[in-house]
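One structure is given below, encoded as structure tokens.
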Number of protein chains: 2
Amino acid sequence: MPEHPACTKTPNPLDEFGVISRFFTDRSFYPSAWPSQGAGDDCAFLDVGPMRLAVTADMMALGSHFLENASPYTVGRKALAVNLSDLAAAGSEPKAFFLSISLPRIDENWLEGFSRGLLEEARRFNCPLRGGDTVKSFAKPGQSPYTAISITAMGELPAGKGLTRAGARVGEDIWVSGTPGDAFAALGQIFGYWTFAEPLLGYFRSRMDLPEPRVALGRGLLNTATACCDISDGLIGDLKHILERSGVSARLFWPAFPESDAMKQLPEAVQQRCVLSGGDDYELLFTAPADRRDEILRIAERADTRVSRIGEVLSAGEPLQVIDEKGSDVNCAASFNHFGEVGS
Amino acid sequence: MPEHPACTKTPNPLDEFGVISRFFTDRSFYPSAWPSQGAGDDCAFLDVGPMRLAVTADMMALGSHFLENASPYTVGRKALAVNLSDLAAAGSEPKAFFLSISLPRIDENWLEGFSRGLLEEARRFNCPLRGGDTVKSFAKPGQSPYTAISITAMGELPAGKGLTRAGARVGEDIWVSGTPGDAFAALGQIFGYWTFAEPLLGYFRSRMDLPEPRVALGRGLLNTATACCDISDGLIGDLKHILERSGVSARLFWPAFPESDAMKQLPEAVQQRCVLSGGDDYELLFTAPADRRDEILRIAERADTRVSRIGEVLSAGEPLQVIDEKGSDVNCAASFNHFGEVGS
């Protein structure tokens, strides 16, 4: 989930992925551990006896991932939704989650709303809360304490199966679900990048506050897609991870991008900023062979989820391009990165 | 892990367990979810196909669970150790963990020490880091950002097996590993409750900073102990959880309590405060039938871990007692509770 840009003013050569690769990548041999595919995907796969688990973990803070005045119900629902989106990107079936929460105080109203949103989302996706930790936040005198929420969610996969960011092959189609960019349109208004009035604002805010994890779509794509991720860090940014992990490049066709009616009312430069590099969307981006197009449309229909074919996979030597109807380059703003700068 | 008392000045009728029971207990039916035993133990058990997993989650913050100037190596080692201790209390074999961390900035020295401690502990217990999340902490202007660490650790159990806090029966023995109280002796000096000089301080600090998760002992006890937990919240406090969950009471014999040579040098009132209700110890407290005493001593010897028989399980109608050699009551200070008051 992208953070408020106030948190990211200082560019640093070590971004989130740099930190993971430099400090948290352990190439030791663990003799009896459950086998896993290694870092770089929305979920880790764990081969547990004859079963495969998909596991994802997210840390979120009020004031950073959530506005400080966000409704606690929204915070609860979205905190779980973003983890379910990672399970969806792996093609797995959500099965259980764990919640660790650090609170400044016992605010019963806040806890009532938060737990209601969280447990509603849990029931919607049949993914029960199975444990966790509740602690009190620390603050020095004169400082305000924080609320931090950490969720680890677990899903099930058939043995040996699971969608990752590796697997895209030259010539395949690139697809995206839903209408990306809507959440960032709301975020951009909050950040002061642009303004718009109701009813646009209400629509964009609801898309930012209540993302729909694409669980049914992800599970449907398990035997069809060759690579998959969600686009929580922005469509281009997350596409780049697929391309790197798969050793390929891509060309996207801007006119083929799906847009909400609300998005179509914004200036085209804002549309491109939101859709291509916005972030905070929990849509699935995936690749598949061209001969699976009809099958994908059937899977999407069964999942009641719109999908759009937006580009093609090229060989690694080609530049990553987004082109318009005339074949000219569309400028891609840098995608969001937790420890980098927010493009604008 | 207990927190600095500065965090817990305001007593609140809703403590950590109250919050869990009131807000985070969902009695809905989840048709396809993995079966689990419900809340109240160090780990949740998940029956995943023919396998059983034990899962635990802990949230920790610098300045609260760790001193702000704690060595990053120590923070890394202990952050994982306290989770491994929960897996040990379930009798499970550690298999994988997930780390979510919220950092104020990329401090390479801190990250180097933290990740070294963390991954050393991972290797010691053959429990690899399999994924997680790295985010930047939010702070308002003029406020200092925080470091919060959330770990979810997973272990394996034989199908249908696993130690919980339920299962203690009247007439059984009560045992504890190691020499409880040492960690709290150090914490009490930091809190200003008492003072002592080297070499005591160094010994107590090392016991606080580098707890030894009793993984081999817990696994050895899987088919022998009837109830088990770690005593991270204090021996009496955690014993009470066993008693409540098992529907029994207990009598403890103060002269039978194991104590380190360092602990024996403190005034007896301080010893009782540290040993009985201190917290931040990662020893196992467990119950077992009296006819398993020899077996338990053999298991402990194989695990290279001292165990001591400190009491007996009584029927629920009896009061919980700690008695001295004359049969008189030893005063038990209230055990630590995250949202309650620290006893003193």
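Here the spin labels are modelled as points 7 Å beyond Cα on the Cα-Cβ line, and at A:ALA269 and A:LYS140 they lie 4.2 nm apart. Placing dummy labels 7 Å off each Cα toward the beta-carbon, the span from A:GLU120 to B:GLU295 is 5.1 nm.
Short-range pairs are left out: with C-alpha atoms under 8 Å and at least six residues apart, the relative contact order of the range B:173-323 is 46 percent.
Dipole of chain A computed with +1 at Lys/Arg Cβ and -1 at Asp/Glu Cβ about the Cα centre; of A:PRO145, A:PRO180, A:LEU252, farthest Cα towards the positive end is A:PRO145. Please report, in debye to the nearest 20, how large the charge dipole of the protein assembly as shown is about its Cα centre when each Lys and Arg carries +1 at its beta carbon and each Asp and Glu carries -1 there. With only Lys, Arg, Asp and Glu charged at Cβ, the dipole is about 500 debye. Farthest towards the positive end of the charge dipole of the protein assembly as shown, among the residues A:PRO158, A:TRP110, A:PHE204, is the Cα of A:PRO158, using unit charges on the Cβ of Lys, Arg, Asp and Glu. Summary for B:ARG169: label point 7 Å along Cα→Cβ; distances to the equivalent points in the other copies, ascending, 6.1 nm. For the range B:164-179 versus the range B:58-78, the inter-centroid distance based on Cα atoms is 30 Å.
Projected onto the charge dipole of the protein assembly as shown (+1 at Lys/Arg Cβ, -1 at Asp/Glu Cβ, origin at the Cα centre), which of B:LEU14, B:ASN331, A:LEU314 gives the Cα projection farthest towards the positive end? Result: A:LEU314.
Per residue, the convex hull spanned by the Cα atoms of the range B:185-325 amounts to 118 cubic angstrom.
Measuring against 29 Å, Cα to Cα, the residue pairs A:LYS95/A:LYS140; A:LYS78/B:LYS240; A:LYS136/B:LYS161; A:LYS240/A:LYS326; B:LYS240/B:LYS326; B:LYS78/B:LYS240 contain A:LYS95/A:LYS140; A:LYS78/B:LYS240; A:LYS136/B:LYS161 as the ones spanning a longer distance.
Put in line by how crowded their Cβ is, counting other Cβ atoms within 10 Å and starting with the fewest, A:LEU320, B:LEU129 read A:LEU320, B:LEU129. Run the label-point distances for A:GLN265 please: 7 Å along Cα to Cβ, every other copy, nanometres, shortest first. Output for A:GLN265: 7.6 nm, nearest copy listed first. Here the range B:222-269 is assigned +1 on the Cβ of each Lys and Arg and -1 on the Cβ of each Asp and Glu. Its dipole about the Cα centre then comes out at about 200 debye.
For A:VAL48, the residues whose modelled amide H falls within less than 5 Å of its own, excluding neighbours fewer than 5 places apart on the same chain, are A:LEU53. The fewest-to-most ranking of B:CYS229, A:CYS43 by surrounding Cβ atoms within 10 Å reads B:CYS229, A:CYS43. For A:LYS264, a cut-off of 14 angstrom between C-alpha atoms picks up these aspartates and glutamates, skipping any fewer than 8 places away in its own chain: A:ASP182. Post the alpha-carbon centroid distance, the range A:210-244 to the range A:83-102, in whole angstrom. Centre-to-centre distance over Cα atoms comes out at 14 Å. The residues A:VAL55, B:VAL82, B:VAL270, when put in order of fewest to most other Cβ atoms within 10 Å, stand as B:VAL270, B:VAL82, A:VAL55. Using C-alpha pairs below 8 Å separated by at least 6 residues, the relative contact order for the range A:32-157 is 36 percent. Charge dipole (Cα centre; +1 on Lys/Arg Cβ, -1 on Asp/Glu Cβ; no other charges) of chain B amounts to roughly 600 debye.
DSSP assigns beta bridges within the range B:82-167; of those with both partners inside it, close to 55 percent run antiparallel. Distances between equivalent label points of B:PRO31 across the copies, with each point positioned 7 Å along Cα→Cβ, amount to 4.6 nm, shortest listed first. Based on C-alpha pairs under 8 angstrom that are at least 6 apart in sequence, chain A has a relative contact order of 24 percent.
Indicate, rounded to the nearest 5 percent, the antiparallel portion of the DSSP beta bridges found entirely in chain A. Just about 80 percent of them are antiparallel.
Read the figures in this text as sums done on the coordinates, not as results from a lab. Please read all numbers here as calculations on a predicted model, not as lab measurements. Positions of Cβ are generated from backbone atoms using ideal geometry, with glycine treated the same way; all protein chains shown enter the neighbour counts.
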